[in-house]
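Each reported figure results from applying straightforward, stated rules to the coordinates on display, with no laboratory input. Just so we're clear, the structure is a prediction, and the values are computed from it rather than from any experiment. Glycine also receives a Cβ, built like all others from the backbone with ideal geometry; neighbour counts cover every protein chain displayed.
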Amino acid sequence: MDFSHCNLAHQRFIDCSIKEGFFANTNLYEASFQGSDLSGATFEHCDLRKCNFVDAKNYTISPTINKLEDAKFSLPEALGLLQGLGIKLTDPQPQKTTPDTP
């Protein structure tokens, strides 16, 4: 579904499935995607300020080409914001504990 050049400010996409949605130059100021599945959705040059992505899943949003000030995200899904930055994340290895020696 193509949402390019649309003014969708304040819209509510609550618990929706917006798979493969295409958002380019879209005004989504204060929109809510809370609980929605955004598998394969693309956001390019969008105004996502104050958007609510809490409990949304399967999104990848580049913070370098979209406006994200004051947007809300939840973990672990928010880690998708780092994909476009070339950052590599690793899980810390649990530290091995050794028994105290007398």
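Brief remarks follow.
- Restricting the calculation to Cα atoms, every distinct pair contributes to the Kirkwood radius of the chain, found to be 14.6 Å.
- Residue range of the chain that is longest and free of trypsin sites (Lys or Arg not before Pro) which are both DSSP loop and sparsely packed (at most 11 other C-beta within 10 Å): 1-87
- Checking every one of the GluC sites (Glu not before Pro) in the chain against DSSP loop status and a limit of 10 other Cβ atoms within 10 Å picks out Glu69.
- Fully extended contour minus Cα-Cα distance, from His45 to Ser4, at 0.36 nm per residue: 13.8 nm
- Only one residue of Gly84, Phe22, Ser74 has its Cα farthest out toward the positive end of the dipole of the chain, where Lys and Arg carry +1 and Asp and Glu -1 on Cβ, and that residue is Gly84.
- Amide H to amide H, with H built 1.01 Å from N, Arg12 comes under 5 Å of Ser32, counting only residues 5 or more places away or on other chains.
- Under-18-angstrom lysine pairs by C-alpha in segment 1-84, whenever the two are 8 or more apart or on separate chains: 4
- Segment 2-93 - charge dipole about Cα centre, Lys and Arg +1 at Cβ, Asp and Glu -1, debye rounded to 20: 120 debye
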